[in-house]
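Here's the structure we're looking at; comments come further down.
The values are calculated or read from the model by the stated rules, or taken from the named source; none is laboratory data. All figures in this text were calculated on a predicted structure; none of them were measured in a lab. Reconstructed Cβ throughout: ideal geometry from the backbone, glycine too, with neighbour counts over all protein chains shown.
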Amino acid sequence: MIEVVSRGAEIAREMIGIQRQIDLLQLEQSRLAAEFARTDHWSDEGSNSALDWIRFNCNVTEKVAGDRIAVGERANTIGASVKAMERGEIGFSHLAVMARTAIATGPRFEEARLLEVARKVSPGKFYYESLHYRHSVDAKGYAAEQVDLVENRHLWLSRGEDGGLLINGVLDPAGGAAVRTALEPLARRTRWDDARNLEKRYADALVELAAGGRPANLQITASVETVKGLAGAAGGEMEFSLPVSSTTVQRMACDCSVMRVLLDQESVVVDVGRSRRVISGPARRALQARDGHCQWPACERPASRCDGHHLVHWINGGNTELSNLILLCHRHHWLVHEGGWQLAKTHEGMVSIAPPHSWGGGGGAAGGAGPG
Ligand SMILES: [Zn+2]
Ligand SMILES: [Zn+2]
């Protein structure tokens, strides 16, 4: 045990030492980058800017290349900070924030005041503090920058070859905060053994936000064979999507609010939304009042964000009586249909769950009891 600790301390020292060398090398490269920007070499080689040349030829991101040039160009303005970095009091990342702040605030820049902050906090926190500082010395300029950020907003949505949706974009700070505020509560773990990582929980949260809680205008077209999951049946069709599996169609058809069109054997369009299979307004209100939230053991997603799940699917003759319905959140509804989890309700109104046969781990998840 003692050996392990001392090896850890040894590695820690070594890592800090290496980082200081990296910092010094980055400073050296920054000075070169600024000098390089004043030459014509990058333009002679066909680059649009020195930054672009560095980005491409040094294999770094736009931010890294920009940091190098900014630090190199302002090395004299931030001389005290450069010395502090050489002494190991701050890192190169602090220096980059310092240089960019000097550029943004011009003659109002107060190095001493900021260096005091930089010595105390991490680079990430220092960046955050630098924004407050920029606002304090030049609120108008700061506001103009924010306007620029709004102008830069964009969202790319494209379909991947596998049918998935690729999302890529940038939102301005206020717009981004609004999205985060909506997503964060939905991205929390649903219970202690929720094994999804944060990225997966964000992805689920976005879908839940878009689809959950209210009858969506999502339109699915599928044959009865598909809804029944019979062998040989084609997939279901949804706008903006490649064909979806019959288990997915079953889940969406389960809470009929999202199911609009269904083809029967004679290819006659049946509007499920108008049929008796739909959980009617009064039945839905009664279901929400009885269950209150998702009925998966220990999940408390509110009723407004839940689907009505038929314990016996209507396609298999299940009815829309309250006794055959249960509230499930988007994720747990997915686990039952696509995920293959078994869900049963006891006579006492307790809900028990059992993992699919292929389930490798997560022992103890089965048989949990939920509030009735
Ligand atoms: Zn269901
Ligand atoms: Zn749930």
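So the values come out like this:
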| quantity | calculated |
| --- | --- |
| Lone unmet requirement of (1) surrounded by 10 or more Cβ atoms within 10 Å (Cβ to Cβ); (2) over 30 Å from residue 98 (Cβ atoms) for residue 158 | (1) |
| Hey, residue 294 farther than 17 Å from residue 281 by Cα and either away from ligand 1 (no atom under 12 Å from the Cβ) or within 25 Å of the chain's Cα centre (by Cα) (or both) or not | yes |
| Residue selected from segment 190-199 under the condition modelled with pLDDT under 85 and surrounded by 12 or more Cβ atoms within 10 Å (Cβ to Cβ), by the criterion farthest from residue 147 (Cα to Cα) | 193 |
| Residues of segment 296-332 satisfying the condition of being under 15 Å from residue 279 (Cα atoms) and acidic (Asp, Glu) | 307, 321 |
| Qualifying residues in segment 290-314 (those that are modelled with pLDDT of 90 or more and of a type in the set (D, E, K, R)) - the one surrounded by the most Cβ atoms within 10 Å (Cβ to Cβ) | 291 |
| Any hit, segment 19-36, residues being outside any helix (DSSP H, G or I) and at negative phi | no |
| Counted residues, segment 42-62 - those being assigned to a helix (DSSP H, G or I) and either surrounded by fewer than 12 Cβ atoms within 10 Å (Cβ to Cβ) or touching a Lys or Arg at 6+ places or on another chain (Cβ under 9 Å) (or both) | 5 |
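Let's see how each residue does on (1) touching a helix residue (DSSP H, G or I) at 6+ places or on another chain (Cβ under 7 Å); (2) in the same structural domain as residue 62 (by TED's automatic domain parsing); (3) closer than 16 Å to residue 34 by Cβ:
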residue: 72; (1), (2), (3): yes, yes, yes
residue: 76; (1), (2), (3): no, yes, yes
residue: 83; (1), (2), (3): no, yes, no
residue: 87; (1), (2), (3): no, yes, no
residue: 93; (1), (2), (3): yes, yes, no
residue: 99; (1), (2), (3): yes, yes, yes
residue: 103; (1), (2), (3): yes, yes, yes
residue: 108; (1), (2), (3): yes, yes, no
residue: 113; (1), (2), (3): no, yes, no
